[in-house]
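These notes concern the structure reproduced below.
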């Protein structure tokens, strides 16, 4: 059932705010599918894509459009800083004793594993 918005009739005694408030109705008789038809004025879909991105490009290439090398470096740098902080604060912890600096390749692998797990979990539900 589609809900439509009917604007209330203007009344002189009502305030301007009350006049502009829409009322909800279950009546669909005023709905016209021709009025709702999408007619874009420009070409739809992705535009201005780099030459490196093709129709058969995978998720990695698409992510690289948004997640640049600078962002990867910052992510790795912050992860390593956090690990160094844990080492300094509590050097006897197991995590602190076995710490090795992470790399961009390891961070990318972790992210893709995490995304793959999310997709698999969503498919099960």
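Given the criteria surrounded by 10 or more Cβ atoms within 10 Å (Cβ to Cβ), modelled with pLDDT under 80 and over 23 Å from residue 113 (Cα atoms), does residue 21 qualify?
yes
Per-residue answers, yes or no, for (1) surrounded by 13 or more Cβ atoms within 10 Å (Cβ to Cβ); (2) within 18 Å of the chain's Cα centre (by Cα):
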site	(1), (2)
43	no, no
51	no, no
57	yes, no
78	no, no
100	no, no
122	no, yes
(request) Determine which member of the set 65, 53, 38, 49 is more than 15 Å from residue 109 (Cα to Cα) and in contact with a helix residue (DSSP H, G or I) (Cβ under 7 Å, 6 or more places away or on another chain). (result) 53
(request) Test each condition in (1) under 22 Å from the mean Cα position of the chain (by Cα); (2) in contact (Cβ under 8 Å) with a residue 12 or more places away in the chain for residue 63 and report the one that comes out false. (result) (2)
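The values are calculated or read from the model by the stated rules, or taken from the named source; none is laboratory data. Keep in mind the model is a prediction, meaning the values are calculated, not measured. Every residue, glycine as well, gets a Cβ built from its backbone with ideal geometry; the counts of neighbours run over all protein chains shown.
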